[in-house]
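Here is the structure we will look at.
The values are calculated or read from the model by the stated rules, or taken from the named source; none is laboratory data. These figures come from a predicted structure and were not determined experimentally. Positions of Cβ are backbone-derived with ideal geometry, glycine not excepted, and every protein chain shown enters the neighbour counts. Surface accessibility is based on the protein's heavy atoms, side chains included, excluding ligands, DNA and RNA. Shrake-Rupley method; radii C 1.70, N 1.55, O 1.52, S 1.80 Å.
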Amino acid sequence: MKLVGLVGSNAEQSYNRTLLQYIAKQFNGKFELEVVEIKDVPLFNQSDDQTNTPVIQDLAAKIKAADGVIIATPEHNHTIPAALKSVIEWLSFKIHPFENKPVMIIGASYFKQGSSRAQLDLRQILDSPGVNAIVLPGNEFLLGNVKEAFDDEGNLKDQGTQGFLGLCLDKFTRFIEVVSVLEKPAIPKEAAPVEDLWATGTIDTTVDGIDMQADNWLELAAEQVGAAEGSTYVKLDRGLLTVDQLNYFLNSMPMELTFADYNNQFLYYNRHKDSDEMLAKRVPGQVGNPLAKCHPPRTFKNVSWVISQLRSGKQDIVQVHVPTHGPDKYVVHNYQAMRDADGNYMGINEYIMDLKPTIEWYLKQTGQELVGGKKADAVSGASQAAAAPDATSSASVHDEPAAPATVTAVEAKQNADAVSSASVSE
């Protein structure tokens, strides 16, 4: 990882320069830090455009090429030095190398505050239009009483200060990795292979000769294949149960389950609740339908995208929060790829849960609280806490982003309909 350390002072003698030089030397096993000066950059003057001069172009190129930037600022009259402000003006006038660049702010000063007010001011500047840097939140490294902080070799004397600086830098490198994932260009859903949602093909488990869209497909298909039922035993991978026992077991699951095979035929849902009470309403006549019959046409792109992600192995699971159930629930649709012993894609296990009762039970049992304290709503608090780089997918981290399922309530609902039976009323 390559970083740029920007000396926020044009003074010949600067403790902030010393601090950056110490970081470059002490933490060279974690990253490569190039300490860059600003003392030769002219004062900003839009009437005398210096953007194309070598000193500004070279500085911009180094920042743009770096994975992240550490700015070390002193404090002058409760704010950053004029020289540093002038540099940022040049780098946001006609060129914008700070755009979406991870930045960490540190600072040293003669007094106890350790450039705290200058750092606060710098955060606001870096967030302004034209700059648009992505600044590491919190993790303020404020080195006060700096005249006594370094030994003759430029090393920090206090071990506690050394350790805290190391923790802040570790968080910054992780922050850079997160930002790099977020800033990768989204791959449009249209780029995914188009799935045959009408299940026009056949696989080795397809029951031929029965209309997939027939309301009594289950009864007709079961009769044709001589399906086991009632007290007939079924030898499972790790058990021996009757068909009745399997139904008891699956219907008692505290979630709604759905099975769609790799031919995109909807074959099963558990009788978890009556259709009208289900989070994703299903009716018996849907069993056997092709997935296209289970969803409104407007969701077909989302359907195809989700299935192609699971079939290809780009994601092991796609998760979608559906906020349309109201504030008293936190409903998540989970689309889990099923694979055989050789890793071949065999279909989708969808399970739908309202997580709010589990969250509330956990908080009650442990005595813990969500971020925000007792007034934090269990749904909104959990949602905000979970809004991290991979908000819609779990398992392996891949180069391609998950489906944009959390943009709006409408889009979330459309994506939730992608593999589930969707709302029958639609």
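For the reader, a short list of remarks on this structure follows.
- In the range 192-250, Rg over Rh equals 1.08, where Rg is the alpha-carbon radius of gyration and Rh the Kirkwood radius from pairwise Cα distances.
- D (Stokes-Einstein, µm²/s), Kirkwood Cα radius, the range 169-326, 1.306 mPa s at 10 °C: 85
- Leading residue at positive end of dipole, the range 191-274 (Cβ point charges), from Thr242, Ile203, Leu220: Thr242
- Sites matching trypsin sites (Lys or Arg not before Pro) across the range 133-224 that sit in DSSP coil, with at most 16 neighbouring C-beta atoms within 10 Å: Lys157
- Once you divide the Cα radius of gyration of the range 8-88 by 2.2 N^0.38 Å, the number left is 1.17.
- Separation in nanometres of the label points that stand 7 Å from Cα toward Cβ, at His78 and Thr206: 7.5
- Greater than 28 Å apart at Cα, pairs in Lys235/Lys293; Lys112/Lys157; Lys171/Lys364: Lys235/Lys293; Lys171/Lys364
- Checking every one of the GluC sites (Glu not before Pro) in the range 122-153 against DSSP loop status and a limit of 12 other Cβ atoms within 10 Å picks out Glu153.
- Point-to-point label distance, Lys30-Gln13, nm (Cα→Cβ direction, 7 Å offset): 3.0
- C-alpha center-to-center spacing [the range 9-71, the range 265-344] in angstrom: 52
- Taking amide hydrogens as placed 1.01 Å from N in the peptide plane, the amide H of Val35 sits under 5 Å from those of Gly5, each at least 5 positions away in sequence or on another chain.
- Estimated vicinal HN-Hα couplings, Hz - the range 237-246 in sequence order (Karplus 6.51, -1.76, 1.60; Gly, Pro = x): 4, 9, x, 10, 10, 7, 4, 4, 5, 4
- Overall Cα dimensions of the range 269-330 - principal axes, largest extent first, Å: 34, 31, 23
- Long-range amide H partners of Glu256 with built H, under 5 Å: Ile352
- Solvent-accessible area per residue in the range 22-85 equals 53 Å², computed with a 1.4 angstrom probe and all protein chains kept.
- Cα-based reach from Lys39 at 24 Å (exclusive), listing lysines while leaving out same-chain residues under 8 positions away: Lys2, Lys25, Lys62, Lys64, Lys85, Lys94, Lys101, Lys147
- Karplus-derived 3J(HN,Hα) values for the range 48-55, using 6.51 cos²θ - 1.76 cosθ + 1.60 with θ = phi - 60°, are 10, 5, 10, 4, 8, 6, x, 5 Hz; glycine and proline are entered as x.
- Projection of the Cα convex hull of the range 58-214, averaged over all directions and equal to a quarter of that hull's surface, yields 17.1 nm².
- Residue (of Leu167, Gly154, Val179) at the positive-pole extreme of the range 147-237, dipole from beta-carbon charges: Gly154
- In units of the rule-of-thumb radius 2.2 N^0.38 Å, the range 297-371 shows an alpha carbon radius of gyration of 1.42.
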